[in-house]
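Report on one structure; see the data block that follows.
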Amino acid sequence: MTNNSMIQRLFTNDPMGRAVLGLVLALGIIFPLCNVLAPEGSFFHISTFTMTLLGKMLCFAILALALDLVWGYCGILSLGHGAFFALGGYAMGMYLMRQIGDRGVYGNPELPDFMVFLNWDALPWYWMGFDNFGFALLMVVLAPGLLAFVFGWLAFRSRVTGVYFSIITQALTFALMQMFFMNKFGFGGNNGLTDFKDILGFDIQSDATRSVLVFLAAVVLCIAYFVCRFIVSSKLGNVLVSIRDSESRMRFLGYRVEHYKLLVFTFSAVIAGIAGAIYVPLVGAANPSEFSPINSIGIVIWVALGGRGTLYGAIIGALVISYAKSFFTTSFPDLWLYILGGLFVVTTMYLPTGIAGKIEEYRERKNARSQTEFEAALNASTSEVNS
Amino acid sequence: MKLVNSADQHPVQSLLYMSGVTKSFDGFKAINNLSLDIAPGELRAIIGPNGAGKSTMMDIITGKTKPDTGDVKFKDTIDLTQHDEADIANMGIGRKFQKPTVIESLTVWENLDLALAGNRGIWQTLFFTLSSKQKDKIATTLELIGLSDKQNDTAANLSHGQKQWLEIGMLFIQDPQMLLVDEPAGGMTDAETMETARLLKEISKDHSVIVVEHDMDFVRALDCRVTVLHEGSVLAEGSLEKVSADPKVIEVYLGR
Ligand SMILES: Nc1ncnc2c1ncn2[C@@H]1O[C@H](COP(=O)(O)OP(=O)(O)O)[C@@H](O)[C@H]1O
Ligand SMILES: [Mg+2]
């Protein structure tokens, strides 16, 4: 295979992926345009609330994609991916806090309000550098990446697998949540990071800035999809699937299973962190509750409902469930958790391969039918020729 | 094929040398003072009743299980007890499991592609493309194991016997110096069993092969030196005629 065909393999045999991405990109362009260009009250106007909702959903879709790569393809069920998302978000939030400067309630040019409130007199060392956007971006990648690398290195080296791995990832995100909730940990405690003013000099509340962020979320989702697709359509993708299906067979074939797992886990954490970094400026806060274990379980439900091991299914699952959540939490807030629980039960019992599984089934049936129709037509025409 | 020891260029005496190996599980000695010596290029059959420790012996050679005591040496000098499964596989020891283990969700071709000798690094697999030489190698292997017409089938759809052959093919294409084959004829029809014996004899022309098997017709067809294992140690060794005439062996097999 040449370099050309390596690129080609991204686009072949993936009609559903292309359809989903096409939709994502279309929404990511149309919503911002209709928000900014169409005047309020016009038929074409899309409210800032709706556009922001789309932006959030796209961030969740990136997160779901990240989980599908490790869980769907490599069989690593992480119940702590929300932590990587939150860490990326906090790294971005720290930059946004430093951008406030002396416009805070206390007007301290150096210290964020919550530090003044705690009577701190200097910026802690781990806040250094975050006034620089480039440094913050680096941390968006490094913070979740390093945590995943160290955590994964310890776990995979000692061959912690299956449900044991899932449990310690839950413990990880729970422990981080406890720490981020503490004031003295230095990340704003209960309130998290909030009251942002601007990003790169642009007003963070303005429709134009949000439009750009929503468009960016759509573009990042597409890029993340193609990178994941490049991985899973390569021989590396087959190695990951084989580790999922028969880890020991792979060891006896000479593959360093722990290295592969570590790489894919770390990479996935980085994607999750990037999703969080777009999410935080969009919603205007980095909140410690993002670390809550239930959030990470939610991601698993998105991927399970969408259909794991297909990439595009994860995107569908995240979009559908997070839209449903937004609908129900505004209309029937008490019902949402029951609905989510119900969805999970229905998925595991009736839809084990998720929405994507149903779609593939339908496409296979259709293909088989058109195949027989084609053969029938062929037979008819040959018999005509013969007669 | 003449093997030489890379360290000092002496010809290798033993490809595999085990001496005084013992392994207990909760006080039960699954392997008890076991000694075994396999020459380069040798084909060896290992027989013995269920629970004799045959699979555990393979676990020890391939790094899955660490022995309590004893020496396990590969090519005279390499201490296998100091290495893990992936290391040992890359040194040139391939293994077929007792329960056939192929990657069910991949095709027959993809299974062989995975096992193909070559670099197992992450970047190499990400940008890997098959050379025409490697494609030929896969085609030859498919022919050897009789699965050419099944190359695009998902491995899950193969029959039990075909899975066994695919796994043997995966060992072969790894191009190891020694193949450990655990009960390859398990669950096969008589015809399939004989086909498997032929396949292993073919492979043993330029590889060392250790085969564990119960089926006496199969062992006879292999026509090689036989080691009888019982309660974790060697009970008898020699030609099949010799060991099957040995009163100790008869007692173990018939006395049950
Ligand atoms: N991991 C293990 N833990 C406990 N006992 C084991 C383990 N592996 C093997 N054994 C025991 O060791 C004995 C030898 O087993 P095995 O090597 O599988 O025999 P064989 O392959 O000759 O039938 C059996 O009694 C088995 O129960
Ligand atoms: Mg056995």
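Of note:
- Dipole magnitude of the range A:321-379, debye to nearest 20 (Cβ charges: Lys/Arg +1, Asp/Glu -1, about Cα centre): 80 debye
- Between the residues A:Ile167, A:Leu216, A:Phe156, the greatest Cα displacement towards the positive end of the dipole of the range A:149-299, with unit charges on the Cβ of Lys, Arg, Asp and Glu, is found for A:Phe156.
- Isotropically averaged projected area of the range A:13-321, using the convex hull of Cα atoms (one quarter of hull area), nm²: 16.5 nm²
- Across peptide B:105-111, the mean count of Cβ atoms from other chains lying within 10 Å of each residue's own Cβ comes to 3.
- For the protein assembly as shown, size of Cβ-based charge dipole, Lys and Arg +1, Asp and Glu -1, in debye: 440 debye
- Estimated dipole of chain B in Debye, rounded to 20 [Cβ of Lys and Arg +1, of Asp and Glu -1, Cα centre]: 240 debye
- Angle in degrees between helix A:312-331 and the longest Cα principal axis of chain A, rounded to the nearest 10: 50 degrees
- Positive-end residue, the range B:56-169 charge dipole about Cα centroid, Cβ charges, pick of B:Leu166, B:Ile145, B:Leu116: B:Ile145
- Solvent-accessible surface ranking, highest first, for B:Tyr17, A:Tyr164 at 1.4 angstrom: A:Tyr164, B:Tyr17
- Long pairs among B:Lys150/B:Lys205; A:Lys197/A:Lys325; B:Lys75/B:Lys242; B:Lys75/B:Lys201; B:Lys64/B:Lys96; B:Lys23/B:Lys66, criterion Cα-Cα beyond 18 Å: B:Lys150/B:Lys205; A:Lys197/A:Lys325; B:Lys75/B:Lys242; B:Lys75/B:Lys201
- Remark: C-alpha extents of the range A:1-47 on the principal axes read 54, 19, 10 Å, sorted largest to smallest.
- Distance between the range B:149-169 and the range B:213-231 - C-alpha centres, whole angstrom: 25 Å
- Principal-axis analysis of the Cα atoms of chain A puts helix A:133-157 at an angle of about 60° to the longest axis.
- Mean per-residue shielding of peptide A:238-247 is 5, counting Cβ atoms of other chains within 10 Å of each Cβ.
- Antiparallel DSSP beta bridges within the protein assembly as shown, percent to nearest 5: 60 percent
- Pairwise label distance in nanometres, A:Phe202 with A:Glu373, each label 7 Å out on the Cα-Cβ vector: 4.7 nm
- Between 0 and 90°, nearest 10: helix B:160-173 axis offset from chain B longest Cα axis: 80 degrees
- Per residue, the Cα convex hull of the protein assembly as shown amounts to 239 Å³.
- Think of the range B:94-223 as a dipole: +1 on every Lys or Arg Cβ, -1 on every Asp or Glu Cβ, centred on the Cα centre; then among B:Ser132, B:Thr193, B:Ile103, B:Ser132 lies furthest on the positive end.
- For the range B:94-223, dividing the convex hull volume of the Cα atoms by the residue count gives 103 Å³ per residue.
- Working note: 222 nm ellipticity from helices only, DSSP H runs with n ≥ 4, each -39,500 (n - 2.57), summed and divided by the residues of the protein assembly as shown, gives -18500 deg cm²/dmol to the nearest 500.
- Alpha carbon centroid spacing (whole Å) that separates the range A:73-87 from the range A:196-217: 28 Å
The values are calculated or read from the model by the stated rules, or taken from the named source; none is laboratory data. Being a predicted model, the structure only gives us computed values, none of them experimental. Don't worry about glycine lacking a Cβ; one is built from the backbone with ideal geometry, like all the others, and counts go over all protein chains shown. Areas reflect the complete protein model, heavy atoms only, side chains present, ligands, DNA and RNA absent. Shrake-Rupley method; radii C 1.70, N 1.55, O 1.52, S 1.80 Å.
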